[in-house]
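The values are calculated or read from the model by the stated rules, or taken from the named source; none is laboratory data. Because the structure is a prediction, the values reported are computed rather than measured. When we count neighbours, we look across all protein chains shown, and the Cβ atoms used for this are built from the backbone with ideal geometry, even at glycine.
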Amino acid sequence: MNRQTTGGARVANHPLTQLVLSRMREFWRQPAAVFWVYGFPLLMMVALGTAFRNRPVDKIAVTVVAGSQAEAIQKVLQQDERFVGPGGDVEILSPEICRQRLRTGKTLLIVSTDSQSGSNFTFTYDPERPGSVMARDVINNLLQTAAGRRDPATVEDITVREPGGRYIDFLVPGLLGMGLMGGGMWGVGFAIVNLRIRKLLKRYLATPMKRSHFLGSMMISRLLFTVTEVLILVLAARWLFGVVNHGSFVAAAVLVILGACQFGGIGLLVASRAETTETVSGLMNLVMLPMWIGSGVFYSIERFPASLQTVLNLLPLTPLIHSLRSVMQDGVSLLALLPEIGLISLWTVVTFALAMRWFRWQ
Amino acid sequence: METIAIRCRELVKTYAGRPPVEAVRGIDMAVAAGECFGVLGPNGAGKTTTIEILEGLLVATSGEVEILGMQWRQSPDAIREAIGISLQETRFSDKLSVLETLTLFRSFYRRGIAVADAVQRVGLEDKLHAWVKDLSGGQRQRLAVAAAIVGDPRLLFLDEPTTGLDPQSRRQLWEIIRQYGAQGRSVLLTTHYMEEAEQLCDRVAIIDQGEIIALGSPRELITRLGGEHVVEFTLAPQTAGADRTENAWAQFAHVTSSVYEDGCHRLTVTEPHLVIPQILGHLEQRGGQLASLTTRHARLEDVFVQLTGRHLEESPPNT
Ligand SMILES: Nc1ncnc2c1ncn2[C@@H]1O[C@H](COP(=O)(O)OP(=O)(O)OP(=O)(O)O)[C@@H](O)[C@H]1O
Ligand SMILES: [Mg+2]
């Protein structure tokens, strides 16, 4: 009994425990920090998840040019609820107004008759607009059928809705990665510079505190914060949007820990020399901004040109988000993700090594 | 146990830069165990630079330092265990309480005193659970001292522990430092308050522009300048008149100078017990009355003025 108490006291009074406790207390007592680390990704998920949730089939704005068969065309188009005008129904308007609407993007397609070339219908649209091309084909089909076309083959539609392929399923791993990045930057980088500015780092150095204990405490508290951070986001995603992990839990956890370490190292590197809040904020944004945009948090990096993708794939956040997505959405095993894991580990080792070399205690 | 707490020889620190700053230019001193030693000097004299070299936080350009018989290069950890430090400016984490801050610092030391004990010594018991940001300036300084003594150091370094405090808080801190010194520990403190050095220190080194210009006990330094005393008195209102402007006082025997400032006559004298009867006799003759009379020793401030021709609060020339 007595021995147990002493053992417990020894752990409680160990410098590592005390340093970690101080970090956690300081964090929790800072409402702004709590919001940015926990609240912000959550808000982002709710906002984006709702905005892009179960979106019914896209509405397509089309306009009919006044003419001999305009009413007939309007009737055909009204059979399909996808076609709308600005006020709801597809409208019949003068050619000038129609052209103006097309130019300003208020309509995607103009249908007209009475063409000089003698064709029955004329479609006017911009082929660069994805919606326009689709509208042209669908309307063409409708008009042809209405004109008496018979389809030789019969078709049947089976529609499925499986969670896993929705935008929110894509978004959650991205937000997890983004959270790990922000956590490392704020939780390690900013925190250390703050201690340096307050001369507390110097004050610690004047005690027998071991430097390894200090740096270790930074990493341990980072990992502890990560656990809560990830749990909150994942559980909220599950309750609110039914997002589930299709892969192994262990694989996802391993990736999260690797990511936390990687961004802990980058945060440490950013903090190794900075002596003012301005410097460290600038450095942090310099590091984070390219990854927010180019690491596939909100959209796939396949939208960028191939040459740029090669570079983006090397950024620390890209392999992390890619592998998180592969595990959570497709159930891929860690073995298949060795190249990504290798890259993450490389970033971790290199940034830690450089940080240790450059780190200034005062 | 060693008899010398701090010894340094030929200490030089030049900060690189254009032009380089010679902050410390050859300082020699030895602080005996159990002594409270003051380093005094105006702003920019090199006090912080000197103390931080001794604390192992700065590396000297040249010179030797020995702390409690040990050298920084050989046994940094042993020295850090044995000393306690309060920096000129440290802002402890705003959102940690006094108790939490001290528990953290206590955890760094292998042996030390209980946190409650440290808190009690600096009189912060009723602020135990208050966050640092809610402490007054004086309470923060006391917290800094508590963090410095929580490892039960044999040698305490305090860099301007009372700067910016009101007189009452200053006196409270002096009492804390005095009690600490009374336990046979050594203290090295820097200050630019002459009064503080006189009150607290067994010996002082007055430094100016990186060099020691006077070293000794406050008493010694003052007597070395001619053993001067100061007699100050004010007259009752009805006595007013001629005596105010009259400069008769300076003609008395044993009076070296006389100043009239803010209704108070201040005479610098060598033999107060011979001067005071003369003053009283003079007043009686003229039917004047004393409102107050005090005598005091000349101050270290006077020593500094004598040595440099400047007051302590003035900046050194050509900087
Ligand atoms: N890091 C530095 N780089 C360059 N010069 C410095 C540095 N630190 C101090 N100095 C210069 O060295 C000189 C001595 O500074 P120091 O801080 O030791 O003075 P001080 O006696 O403690 O003054 P104060 O009473 O204002 O605290 C000053 O001229 C100062 O400008
Ligand atoms: Mg100073």
In region A:207-217, residue farthest from the other protein chains (Cβ to nearest Cβ) [restricted to those that are buried (at least 18 other Cβ atoms within 10 Å of the Cβ) and either touching a residue at least 12 places away in the same chain (Cβ under 8 Å) or of a type in the set (A, V, I, L, M) (or both)]: A:LEU215
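Suppose we filter region B:108-133 for residues that are within 12 Å of chain A (Cβ to nearest Cβ), under 25 Å from A:LEU201 (Cβ atoms) and over 26 Å from the mean Cα position of the chain (by Cα); how many remain? Steps first, please.
Applying the first criterion (within 12 Å of chain A (Cβ to nearest Cβ)) to region B:108-133 yields B:108-112, B:114-115, B:131-133.
Filter once more, keeping what is under 25 Å from A:LEU201 (Cβ atoms): B:108-112, B:115, B:131-133.
Narrowing the set further to residues that are over 26 Å from the mean Cα position of the chain (by Cα) leaves B:108-112, B:115, B:131, B:133.
Residues flagged as within 12 Å of chain A (Cβ to nearest Cβ), under 25 Å from A:LEU201 (Cβ atoms) and over 26 Å from the mean Cα position of the chain (by Cα) within region B:108-133 amount to 8.
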Leading residue by the ranking (surrounded by the most Cβ atoms within 10 Å (Cβ to Cβ)) among those in region B:78-87 that are closer than 17 Å to B:ASP159 by Cα and more than 7 Å from chain A (Cβ to nearest Cβ): B:GLY84
Test result for B:GLU175, acidic (Asp, Glu), crowded, with 21+ Cβ neighbours inside 10 Å and under 23 Å from B:ALA144 (Cβ atoms): no
Number of positions in region A:90-124 that are buried (at least 19 other Cβ atoms within 10 Å of the Cβ) and either under 33 Å from the mean Cα position of the chain (by Cα) or closer than 12 Å to A:ALA61 by Cα (or both): 10
Test set (1) under 30 Å from B:PHE157 (Cα atoms); (2) surrounded by 22 or more Cβ atoms within 10 Å (Cβ to Cβ) - A:VAL188 fails condition number: (1)
Every residue from region B:75-90 that is more than 16 Å from ligand 1 (Cβ to nearest atom) and charged (D, E, K, R): B:ASP77, B:ARG80, B:GLU81
Qualifying residue in region B:6-29 (condition: more than 14 Å from chain A (Cβ to nearest Cβ), surrounded by 15 or more Cβ atoms within 10 Å (Cβ to Cβ), part of a loop (DSSP other than H, G, I, E, B) and within 16 Å of ligand 2 (Cβ to nearest atom)): no
Pick from region B:33-74, criterion surrounded by fewer than 18 Cβ atoms within 10 Å (Cβ to Cβ) and within 21 Å of the chain's Cα centre (by Cα), ranking: nearest to B:GLU160 (Cα to Cα): B:ASN43
Answer from A:ILE220, A:ILE232 - the residue that is under 24 Å from A:PHE352 (Cβ atoms), in contact (Cβ under 8 Å) with a residue 12 or more places away in the chain, part of a helix (DSSP H, G or I) and away from chain B (no Cβ under 14 Å): A:ILE220
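Looking only at region B:36-79, how many residues end up being assigned to a loop (DSSP other than H, G, I, E, B), within 16 Å of ligand 2 (Cβ to nearest atom) and closer than 17 Å to A:LEU205 by Cα? Give the steps one after another, and end with the answer.
If we filter region B:36-79 for residues that are assigned to a loop (DSSP other than H, G, I, E, B), which is where we start, we get B:41-46, B:55-61, B:68-69, B:71-75.
Pick out the ones that are also within 16 Å of ligand 2 (Cβ to nearest atom) and you get B:41-46, B:55, B:57-58.
Then keep just the ones that are closer than 17 Å to A:LEU205 by Cα; that gives B:55, B:57-58.
Total meeting the criteria: 3.
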Cβ pairs under 9 Å, 6+ apart, first in region A:1-25 and under 11 Å from A:SER217 (Cα atoms), second at pLDDT 80 or above and acidic (Asp, Glu): A:GLN18/B:GLU100; A:LEU21/B:GLU100; A:SER22/B:GLU100
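Which count do you get for residues in region B:254-313 that are assigned to a loop (DSSP other than H, G, I, E, B) and either under 25 Å from the mean Cα position of the chain (by Cα) or at pLDDT below 80 (or both)? Even if it seems obvious, please write down each step before you answer.
Pass one, region B:254-313, residues assigned to a loop (DSSP other than H, G, I, E, B): B:254, B:262-263, B:270-271, B:287-289, B:298-299, B:309-313.
When the remaining residues are screened for being either under 25 Å from the mean Cα position of the chain (by Cα) or at pLDDT below 80 (or both), the result is B:262-263, B:287-288, B:298-299, B:309-313.
Selection size over region B:254-313: 11.
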Lone unmet requirement of (1) buried (at least 19 other Cβ atoms within 10 Å of the Cβ); (2) farther than 24 Å from A:VAL230 by Cβ; (3) under 17 Å from the mean Cα position of the chain (by Cα) for A:ALA274: (3)
Some residue of region B:137-150 being buried (at least 22 other Cβ atoms within 10 Å of the Cβ), farther than 20 Å from A:ARG23 by Cα and facing chain A (nearest Cβ under 10 Å): yes
Cross-chain or 6+ apart pairs with Cβ under 9 Å, region B:40-56 first and under 10 Å from B:GLY210 (Cβ atoms), then in a helix (DSSP H, G or I) and away from ligand 2 (no atom under 12 Å from the Cβ): B:GLY41/B:PHE304
Breaking point among (1) hydrophobic (A, V, I, L, M, F, W, C); (2) under 19 Å from B:VAL31 (Cα atoms); (3) within 16 Å of ligand 1 (Cβ to nearest atom), for B:ALA144: (2)
Count - residues of region A:197-206 that are surrounded by 22 or more Cβ atoms within 10 Å (Cβ to Cβ) and among the charged types (D, E, K, R): 1
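Are there helices (runs of 4 or more DSSP H) fully within region A:16-78 with at least 1 residues that are within 20 Å of the chain's Cα centre (by Cα) and surrounded by 17 or more Cβ atoms within 10 Å (Cβ to Cβ)? List them.
Helices (runs of 4 or more DSSP H) meeting the threshold: A:40-51.
For every residue, the table says whether it meets (1) modelled with pLDDT under 80; (2) at negative phi; (3) within 14 Å of chain B (Cβ to nearest Cβ).
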| site | (1), (2), (3) |
| --- | --- |
| A:PRO31 | no, yes, yes |
| A:ALA47 | no, yes, no |
| A:ASN54 | yes, no, no |
| A:GLN78 | no, yes, no |
| A:PRO86 | yes, yes, no |
Evaluation of A:ILE220 against (1) among the β-branched types (Val, Ile, Thr); (2) surrounded by fewer than 21 Cβ atoms within 10 Å (Cβ to Cβ); (3) farther than 19 Å from A:ILE266 by Cα (one fails), failing number: (3)
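Just wondering, is there one or more residues in region B:88-99 that are within 12 Å of chain A (Cβ to nearest Cβ), in a helix (DSSP H, G or I) and basic (Lys, Arg)?
no
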Identity of the residue in region B:46-70, within 15 Å of ligand 1 (Cβ to nearest atom) and of a type in the set (Asp, Glu), that ends up nearest to B:ILE6 (Cα to Cα): B:GLU55
